[in-house]
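Novice: Have a look at this one before I ask anything.
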2 protein chains.
Amino acid sequence: MERTRTQMQRYAPERQQEILRLARERGRVDVLSLAEEFQVTAETVRRDLKALDRAGLVRRVHGGAIPAGRLDFEPDLAERDAVAADEKQRIARAALAELPGGEGPGSVILDAGTTAARLAAEIPLEAELTVVTHGLPVAARLADHPGLTLHLVGGRIRHRTRAAVDDWALRAYREINADVLFLATNGFSLEGGLTTPDLAEAAVKRALIAAARRVVLLADSAKFGQQHFARFGDLADVDLLITDTGLSPEDARAIERAGTEVVRA
Amino acid sequence: MERTRTQMQRYAPERQQEILRLARERGRVDVLSLAEEFQVTAETVRRDLKALDRAGLVRRVHGGAIPAGRLDFEPDLAERDAVAADEKQRIARAALAELPGGEGPGSVILDAGTTAARLAAEIPLEAELTVVTHGLPVAARLADHPGLTLHLVGGRIRHRTRAAVDDWALRAYREINADVLFLATNGFSLEGGLTTPDLAEAAVKRALIAAARRVVLLADSAKFGQQHFARFGDLADVDLLITDTGLSPEDARAIERAGTEVVRA
DNA sequence: GCCCGTCATGCGTGATCATGCCCGTTTGAG
DNA sequence: CTCAAACGGGCATGATCACGCATGACGGGC
């Protein structure tokens with residue numbers, strides 16, 4: 001098919017490169033203009049943007065996209081997914097009760113991830129704790145708590161999760177020993193154990209578990225039964241699971257029979 | 001100093017980003033002004049503030065919101081020092097020219113501090129680099145850049161500067177070797193050397209200098225002649241000083257005679 | 001030259017999202 | 001204590017999106 005328009009026919013990767021260039025140049029692109037500009041349907045543009053988004057090159061927004069790096073806040077944390085947000089909120093609140101109190105400042109490890117970030121946001125400003133984390137957003141939220149001693153675990157930063165991984169992180173966690181670990185996961189089940197899509201993160205999570213005397217898993221019920229690529233532990237490693245009421249009482253009982261206490265917030 | 005605001009339609013995340021910026025800049029925003037400013041209804045603004053609140057970036061108050069944690073991770077607040085802001089901006093721009101280019105991705109170390117954060121914000125989205133930093137705000141700014149390999153240096157986080165210090169940081173910097181270091185300081189002079197108020201930070205800065213082949217010092221001219229408690233190096237350690245025109249030509253010449261190239265941006 | 005698997009694209013449909021409006025409830029200033 | 005302002009939940013609406021399927025181009029193998 002010969003194009004007589006100003007835009008010559010392009011192959012998909014070329015078009016995507018060009019879209020990326022335009023996004024960076026203009027700061028934002030919208031689906032409809034791109035569709036017209038390239039003489040393709042909006043559907044195709046959406047597919048292109050989706051591909052660029054998966055590659056981490058742009059941030060998809062309703063109606064268009066913004067080049068990655070331009071937004072310095074984290075839309076993932078501002079997620080408006082009302083259902084999960086609400087549950088995560090309740091989970092975070094419930095988790096507060098598990099913070100080590102008593103005499104002397106306790107020590108906790110906070111995993112990376114949105115649920116942990118939510119917990120971080122809930123930690124009272126005047127709390128007296130030693131906190132260790134490898135999650136950049138988590139650290140950002142805690143950095144101004146005057147009562148906290150915050151230790152950041154270094155490493156290579158994964159773009160998608162903003163978590164530190166690899167050697168530095170592993171070594172750091174090997175050197176510490178915390179009262180409580182607040183662990184997050186992408187999937188958990190009785191047989192499948194605890195799983196996450198990324199191997200590097202799984203390795204860090206394994207180190208996390210080894211570094212704490214008590215393991216508290218924070219996971220909304222949608223994650224129950226999910227299995228991802230990398231397995232980093234078992235439910236047996238978890239002392240307490242805090243989830244939401246979306247987890248059926250039968251499933252909860254089954255988990256408790258396996259030795260893990262369950263709280264449905 | 002209100003910039004003319006185009007009434008162009010914004011995507012929700014863009015608007016939220018802008019609201020966050022305004023909140024940090026002004027210390028407080030109110031629903032109605034924002035609604036007018038962005039040409040949306042108060043409901044929408046409330047929703048935006050709610051999202052930002054959930055993300056922990058602002059705290060909701062009746063009628064508006066205030067930025068969370070006051071000293072939150074952005075330089076904007078630290079940069080309310082309007083005198084230096086402009087100069088820091090020019091210094092950051094000038095520093096871009098010193099980023100390693102050429103064949104293969106270069107490696108740079110970015111010091112913590114507001115000037116370095118400025119530089120981080122100026123690094124183009126498409127840059128291909130390996131960046132190492134121990135500054136939380138710096139890392140937050142760069143975490144989204146798709147072309148960067150970002151390594152975060154861990155350690156105890158100092159509340160005031162949001163920089164990682166102590167053993168983890170020192171050890172990490174001992175293990176690396178970067179093309180260029182962009183160094184910041186609180187004071188510099190020919191006889192007094194490079195100084196900063198905090199001993200722990202000074203130790204890290206010393207490790208920084210040892211870890212780079214080329215040292216570029218970013219410092220506005222107000223810092224010239226200042227001497228603080230902890231000395232971490234000499235101007236002789238610096239290959240290039242990027243400062244502003246506030247540094248007198250005579251002082252610049254004196255520094256150059258000592259072997260440090262000087263750029264007055 | 002022919003066939004078939006793969007891929008990019010377009011189309012239709014039902015779901016989702018962002019926003020605005022309504023209205024009962026809460027808040028805080030006087 | 002009073003009351004207007006502010007809030008938030010529910011709902012409506014139009015735009016946008018995701019998914020399945022059909023089409024047609026391309027390319028490799030026979």
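The values are calculated or read from the model by the stated rules, or taken from the named source; none is laboratory data. For clarity, every value in this text was computed on a predicted model and none was experimentally measured. A quick note on method: Cβ atoms are made from the backbone with ideal geometry, for glycine too, and the neighbour counts reach across all protein chains shown.
Novice: Residue check: is residue B:85 modelled with pLDDT under 95, under 15 Å from the mean Cα position of the chain (by Cα) and under 24 Å from residue A:68 (Cβ atoms)?
Specialist: Values: modelled with pLDDT under 95: yes; under 15 Å from the mean Cα position of the chain (by Cα): yes; under 24 Å from residue A:68 (Cβ atoms): no.
In short, no.
Novice: To continue, here is another question. Scan the range B:231-258 for residues that are more than 18 Å from residue B:116 (Cβ to Cβ) and in contact (Cβ under 8 Å) with a residue 24 or more places away in the chain and report the count. Steps first, answer last, please.
Specialist: The initial filter retains those residues of the range B:231-258 that are more than 18 Å from residue B:116 (Cβ to Cβ), namely B:231, B:234-236, B:245-258.
From the residues that got through so far, the ones that are in contact (Cβ under 8 Å) with a residue 24 or more places away in the chain too are B:231, B:234-236, B:245-247, B:251, B:254-255, B:258.
The qualifying residues number 11.
Novice: Are any of the residues in the range A:232-239 away from chain B (no Cβ under 14 Å), surrounded by fewer than 21 Cβ atoms within 10 Å (Cβ to Cβ) and not in a helix (DSSP H, G or I)?
Specialist: Yes, the range A:232-239 contains at least one residue that is away from chain B (no Cβ under 14 Å), surrounded by fewer than 21 Cβ atoms within 10 Å (Cβ to Cβ) and not in a helix (DSSP H, G or I).
Novice: Separate question: Does the range A:152-167 hold any residues that are crowded, with 23+ Cβ neighbours inside 10 Å and either in a helix (DSSP H, G or I) or at the interface with another protein chain (Cβ under 8 Å from one of its Cβ atoms) (or both), and which are they?
Specialist: A:152, A:153, A:154, A:155, A:157, A:162, A:164
Novice: Moving to a separate point now. Considering B:40, B:31, B:45, B:61, which residue is at pLDDT 90 or above and touching a strand residue (DSSP E or B) at 6+ places or on another chain (Cβ under 6 Å)?
Specialist: Values: B:40 fails: touching a strand residue (DSSP E or B) at 6+ places or on another chain (Cβ under 6 Å); B:45 fails: touching a strand residue (DSSP E or B) at 6+ places or on another chain (Cβ under 6 Å); B:61 fails: touching a strand residue (DSSP E or B) at 6+ places or on another chain (Cβ under 6 Å).
Exactly one residue qualifies, and that residue is B:31.
Novice: Out of curiosity, is residue A:93 more than 17 Å from the chain's Cα centre (by Cα), at pLDDT below 90 and part of a loop (DSSP other than H, G, I, E, B)? Before the answer, list the steps.
Specialist: Details: more than 17 Å from the chain's Cα centre (by Cα): yes; at pLDDT below 90: yes; part of a loop (DSSP other than H, G, I, E, B): no.
The answer is no for residue A:93.
Novice: Just to be sure I understand, how many residues within the range A:186-215 are in contact (Cβ under 8 Å) with a residue 40 or more places away in the chain and part of a loop (DSSP other than H, G, I, E, B)?
Specialist: 4
Novice: While we're on this one: What number of residues within the range B:168-180 satisfy the criterion of being within 8 Å of chain A (Cβ to nearest Cβ) and either within 19 Å of the chain's Cα centre (by Cα) or assigned to a strand (DSSP E or B) (or both)? Before the answer, list the steps.
Specialist: Applying the first criterion (within 8 Å of chain A (Cβ to nearest Cβ)) to the range B:168-180 yields B:168-169, B:172.
Still in the list and also either within 19 Å of the chain's Cα centre (by Cα) or assigned to a strand (DSSP E or B) (or both): B:169.
Total meeting the criteria: 1.
Novice: Another one. Mind checking which residues of the range B:96-129 are among the β-branched types (Val, Ile, Thr) and assigned to a helix (DSSP H, G or I)? Don't jump to the end; show me each part of the working.
Specialist: First pass over the range B:96-129, keeping only residues among the β-branched types (Val, Ile, Thr): B:108-109, B:114-115, B:123.
B:114, B:115 - these are the residues of the range B:96-129 that are among the β-branched types (Val, Ile, Thr) and assigned to a helix (DSSP H, G or I).
Novice: Right, next: Among the residues of the range B:31-67, count how many are over 24 Å from residue A:90 (Cβ atoms) and crowded, with 16+ Cβ neighbours inside 10 Å.
Specialist: Selection size over the range B:31-67: 11.
Novice: Out of the range B:16-66, which residues are of a type in the set (S, T, N, Q) and either more than 14 Å from every other protein chain (Cβ to nearest Cβ) or away from DNA strand D (no atom under 11 Å from the Cβ) (or both)?
Specialist: At the first step, the residues of the range B:16-66 found to be of a type in the set (S, T, N, Q) are B:16-17, B:33, B:39, B:41, B:44.
Answer for the range B:16-66, where residues must be of a type in the set (S, T, N, Q) and either more than 14 Å from every other protein chain (Cβ to nearest Cβ) or away from DNA strand D (no atom under 11 Å from the Cβ) (or both): B:16, B:17, B:33, B:39, B:41.
Novice: Further, regarding this structure: Working only within the range A:213-231, note down all residues that are of a type in the set (D, E, K, R) and under 15 Å from the mean Cα position of the chain (by Cα).
Specialist: Within the range A:213-231, the first condition is being of a type in the set (D, E, K, R), and the residues that meet it are A:213-214, A:220, A:223, A:231.
Matches in the range A:213-231: A:220, A:223.
Novice: Have a look at A:143, A:236, A:211, A:222 and point out the one that is farther than 24 Å from residue A:122 by Cβ and of a type in the set (A, V, I, L, M).
Specialist: Working: A:143 fails: farther than 24 Å from residue A:122 by Cβ; A:211 fails: farther than 24 Å from residue A:122 by Cβ; A:222 fails: farther than 24 Å from residue A:122 by Cβ.
Among A:143, A:236, A:211, A:222, only A:236 is farther than 24 Å from residue A:122 by Cβ and of a type in the set (A, V, I, L, M).
Novice: Please verify whether residue B:172 is crowded, with 18+ Cβ neighbours inside 10 Å, in contact with a strand residue (DSSP E or B) (Cβ under 9 Å, 6 or more places away or on another chain) and touching a residue at least 60 places away in the same chain (Cβ under 8 Å), treating the condition exactly as stated.
Specialist: On the way: crowded, with 18+ Cβ neighbours inside 10 Å: yes; in contact with a strand residue (DSSP E or B) (Cβ under 9 Å, 6 or more places away or on another chain): yes; touching a residue at least 60 places away in the same chain (Cβ under 8 Å): no.
Against the criterion (crowded, with 18+ Cβ neighbours inside 10 Å, in contact with a strand residue (DSSP E or B) (Cβ under 9 Å, 6 or more places away or on another chain) and touching a residue at least 60 places away in the same chain (Cβ under 8 Å)), residue B:172 does not qualify.
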